[in-house]
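Input: a single structure, listed below in structure tokens.
The values are calculated or read from the model by the stated rules, or taken from the named source; none is laboratory data. Note that the coordinates shown come from a computational prediction; the quantities given were computed from them, not determined experimentally. Cβ sites come from the backbone with ideal geometry, for glycine too, and all protein chains shown count toward neighbours. Side chains are part of the model used for accessible areas, which takes the heavy atoms of the whole protein and leaves out ligands, DNA and RNA. Shrake-Rupley method; radii C 1.70, N 1.55, O 1.52, S 1.80 Å.
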Amino acid sequence: MPSTYAEEMRDLSLAEVAAGRKPLRRTEFGGTTKTTTGCTDILVEIGRRGIDPSVVAATESITETGPKSIRLVFPSNVEVAALCARLHKSGRDGLEHIVNVSTSFAVSSRCVVLTRALEQAYWLPAGAPNTIAVWRAILGIAPGVSSADALTRLAAMVTPSPQEDPNRTVIVSDTGSEVKYKSWTEALLDYMARIELCSLDEVKFARTTNAAAQQYRASCQVAEHWTAALSLDPSGRAELIESGHCVEVELPQDRSGNLVLPLADEHTACKIKAGNAVRIVGQPGDPVVNATVTDIDYINDRLELTVRPSRGSKIVLDRMPAEVILAPAPFGSVGMPPNSASKWGTKWSSSPALDAIDMPVDLLLAGAPTQ
């Protein structure tokens, strides 16, 4: 018997594939962020002669014509390592660094690793290796389709498409005012793409203390907003509930002032802490309410969270069902790029360069990076 939600879903996905159907969706909106209109996919493969030199030239257009112009699509991490090695050998350390940074993000709109993105979009069937050959087979791409066409189709499967409802209204501000977006999920995906573009454009790819701080901050924000997006995705939410990042709670009948919310299931995990900014989420697609957890306590052997909803949110709360989800709220305003990292250093060009790491011999033998 499967012991975790993930194992159960992989078993169910295997059953779907065995029945001639596609694997189960893991998220509703894909395994990578939405690309900018006009973005050209550059497929990075390893042929008989290694990485095609034209790929290196295309990579340079990230800096020459702006980071919105291309998207690098890697079948797996092997091609990432091969391209980075080629860039380093040709003295393009800045471009090597940009690929390393973007492919380290939980999701990316600039440098997409297909095997990773596909595993985030679909449940990989139990026992199946995470390879392009497996994904081609279980997603119905015929053996006769060329490698380039297959990668293009797979990339399209994990890239979110525009929502059909462009005028959905959701409550997003601390004052409860209404803001119109294509959808809340699309707004978060757009925000994650802006964070990534900021990390590529503003730090000038320099290995400086300022650049490192900016990239670390951007990487954390991308991961945080991805988790927040999954909490609004009916498919991804279940996995976050099992991990404790989201919790199911019971709303009281009186929904004015601070709310005391007991866990719907006393045996579930809870990683939310006092002081955390959260969102109260009802049914998928419904408005959400911003709130702050002010206290957590055990009452009669049951965990109860006291939250302070944002002002003006009672009307929305009154329309919510008895059981709702508390989900982590992302840091920063939706739609705004992150500020520069000037608080950690001076202007990037005058910041001290980071020294090479003096790595212990045992870690060097294990393959740890020194640059």
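Of note:
- Flag for GLY275 being open to solvent by less than 30 Å² (accessible area, probe 1.4 Å) and either of a type in the set (Gly, Ala, Ser) or more than 18 Å from the chain's Cα centre (by Cα) (or both): no
- The residue of region 99-122 that is farthest from ILE51 (Cα to Cα), among those that are open to solvent by less than 10 Å² (accessible area, probe 1.4 Å), touching a residue at least 60 places away in the same chain (Cβ under 8 Å) and of a type in the set (A, V, I, L, M), is ALA121.
- Test: residue in region 92-109 that is of a type in the set (D, E, K, R), touching an Asp or Glu at 6+ places or on another chain (Cβ under 7 Å) and more than 30 Å from ALA19 (Cα to Cα): no
- Count of residues meeting criterion [assigned to a strand (DSSP E or B), small (Gly, Ala, Ser) and at pLDDT 65 or above] in region 327-358: 1
- When we screen VAL324, VAL247 for residues that are modelled with pLDDT of 90 or more and in contact with a Gly (Cβ under 8 Å, 6 or more places away or on another chain), the only hit is VAL324.
- Single residue of SER235, SER231 found to be outside the structural domain of VAL288 (by the TED database), at pLDDT below 85 and buried (at least 20 other Cβ atoms within 10 Å of the Cβ): SER231
- Cβ separations smaller than 6 Å between residues 6+ apart or across chains give the following pairs from region 44-72 residues that are open to solvent by less than 80 Å² (accessible area, probe 1.4 Å) to residues that are at pLDDT 85 or above and of a type in the set (Lys, Arg): ILE51/ARG86.
- Qualifying positions in region 86-98 - surrounded by fewer than 23 Cβ atoms within 10 Å (Cβ to Cβ) and either closer than 20 Å to TYR216 by Cβ or in contact with a Ser or Thr (Cβ under 7 Å, 6 or more places away or on another chain) (or both): ASP93, GLY94, LEU95, GLU96, HIS97
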